[in-house]
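The values are calculated or read from the model by the stated rules, or taken from the named source; none is laboratory data. Nothing here was measured: the structure is a model prediction, and the numbers come from that model. Virtual Cβ from ideal backbone geometry, glycine too; neighbours counted across all protein chains shown.
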Amino acid sequence: MDHIIIERKEAIIIAALNKPETLNALDGELMGELEALVDMIEEDKALRVLILTGSGKSFVAGADIRAQSVLDTAGGRAWGQRGSALFRRIENLAIPTIAAVNGFALGGGCELALACDMIIASEKARFGQPEVGLGITPGFSGTQRLPRRVGMAKAKELIFTGDMISAEEAKNIGLVNRVVAPEELMKEAMTVAEKIAGNAPIAVQYSKVCIEKGMQTDMDAGIAIENELFALTFGTEDQKAGMTAFLEKRKAEFKGE
């Protein structure tokens, strides 16, 4: 890949978008590399966590405005469908995903962070959905994920005004999980990732499914989903390893089986 730097640390994969001359704005080329990254992660069963970050001053400053400026209705529809499909695949990855937001996360960048399970932000990070100031709506599912993350009233305020907010305000409204000093960002993301990776991977993945599917249905249906996946964990080697280790007062070693 030309514009995504990939680093592997055992079961954790770190992907840094690296097109600093455009503040990592999402164009066709970068979108293609993100699609290839997702393909790779879906095929690698040894991975347990993805950390997604940006290089330079930006996580992702948005989608490429120059490229979008010449689109007609059909082109806009195709572009929105491509971004939404990609971000949905990121959201649906079996492994947990952490957005380590180092700078601007605006428009498509905010939507990309929203597609991740957790957001850890630098104190210098800035978030926003400024699309209405360009004559368009959010196009990569921001109108759907933002209200689910922060509530309808706050999402409407951010989208209707196009305001950019600080990392601390983003944390206060529930958009961001943690805010740390810039020099601590990747260390903090790795600490969280390592803690996740140290747990039983099937149990973590099933928990993700329970939460995601349960939030889209009623309580009784959500409980039924949890009951079924809870039961399935008892057929795994990890369950036996985890409970045996607990009873023997030692650390468990999970194999994802």
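For ILE159, the conditions (1) at pLDDT below 95; (2) aliphatic (A, V, I, L, M); (3) surrounded by 13 or more Cβ atoms within 10 Å (Cβ to Cβ) are fulfilled apart from (1).
With respect to ALA121, is the statement that it is of a type in the set (Gly, Ala, Ser), in the same structural domain as LEU52 (by TED's automatic domain parsing), under 23 Å from ILE51 (Cα atoms) and touching a strand residue (DSSP E or B) at 6+ places or on another chain (Cβ under 6 Å) true? Yes, satisfied.
Residue pairs whose Cβ atoms lie under 9 Å apart, separated by 6 or more positions or on different chains, with the first residue in segment 53-77 and without any contact (Cβ under 8 Å) to a residue 60 or more places away in the chain and assigned by TED's automatic domain parsing to the domain that holds ASP117 and the second among the hydroxyl-bearing types (Ser, Thr, Tyr) and part of a helix (DSSP H, G or I), are SER58/THR22; ALA61/THR22; ASP64/THR22. Take GLU228 and decide whether it is touching an Asp or Glu at 6+ places or on another chain (Cβ under 9 Å), over 20 Å from LEU93 (Cβ atoms) and loosely packed, with under 14 Cβ neighbours inside 10 Å. Spelling it out, it is not the case that GLU228 is touching an Asp or Glu at 6+ places or on another chain (Cβ under 9 Å), over 20 Å from LEU93 (Cβ atoms) and loosely packed, with under 14 Cβ neighbours inside 10 Å.
The set of residues in segment 22-45 being in contact (Cβ under 8 Å) with a residue 40 or more places away in the chain and not β-branched (Val, Ile, Thr) consists of LEU23, ASN24, ALA25, LEU26, ASP27, MET31, LEU34, GLU35, GLU42, LYS45.
Condition check ((1) crowded, with 20+ Cβ neighbours inside 10 Å; (2) touching a Ser or Thr at 6+ places or on another chain (Cβ under 7 Å); (3) in a strand (DSSP E or B)) across all residues:
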residue: ASP2; (1), (2), (3): no, no, no
residue: ILE6; (1), (2), (3): no, no, yes
residue: ALA15; (1), (2), (3): yes, no, yes
residue: GLU21; (1), (2), (3): no, no, no
residue: ASN24; (1), (2), (3): yes, yes, no
residue: GLU29; (1), (2), (3): no, no, no
residue: GLY32; (1), (2), (3): no, no, no
residue: ALA36; (1), (2), (3): no, no, no
residue: ASP39; (1), (2), (3): no, no, no
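Any residue in segment 87-103 that is of a type in the set (Ser, Thr, Tyr) and closer than 20 Å to VAL176 by Cβ? Checking segment 87-103: at least one residue is of a type in the set (Ser, Thr, Tyr) and closer than 20 Å to VAL176 by Cβ.
Filter segment 48-85 down to residues that are among the basic types (Lys, Arg) and part of a loop (DSSP other than H, G, I, E, B) and give me whichever is surrounded by the most Cβ atoms within 10 Å (Cβ to Cβ). Once the filter is applied, the top-ranked residue is ARG48.
Within the span defined as segment 42-49, every residue fails to be closer than 29 Å to ASP163 by Cβ and not assigned by TED's automatic domain parsing to the domain that holds MET215. Restricting attention to segment 108-130, the residues that are outside any loop (DSSP other than H, G, I, E, B), surrounded by fewer than 24 Cβ atoms within 10 Å (Cβ to Cβ) and out of contact with any Cys (no Cβ under 9 Å at 6 or more places or on another chain) total 3.
For segment 132-153, a residue qualifies if it is under 22 Å from GLY76 (Cβ atoms) and part of a loop (DSSP other than H, G, I, E, B), and the qualifying residues are GLY135, ILE136, THR137, PRO138, GLY139, PHE140, SER141. If I go through segment 129-148 residue by residue, how many of them are under 16 Å from the mean Cα position of the chain (by Cα) and under 20 Å from ASN102 (Cα atoms)? So the answer is 2. Residues to consider are GLU188, GLU184; find the one that is more than 24 Å from ARG88 (Cα to Cα), crowded, with 18+ Cβ neighbours inside 10 Å, charged (D, E, K, R) and assigned by TED's automatic domain parsing to the domain that holds ALA125. Answer to the selection: GLU188.
When every residue of segment 216-228 is checked against the conditions, at least one turns out to be under 19 Å from the mean Cα position of the chain (by Cα) and not assigned by TED's automatic domain parsing to the domain that holds THR143.
Condition check for GLU188 on (1) under 30 Å from GLY108 (Cβ atoms); (2) out of contact with any Lys or Arg (no Cβ under 7 Å at 6 or more places or on another chain): one failure, at (2). Contact map, segment 154-172: residues that are assigned to a helix (DSSP H, G or I) paired with residues that are aromatic (Phe, Trp, Tyr), Cβ distance under 7 Å, separation 6+ or inter-chain. Pairs shown: ALA170/PHE127.
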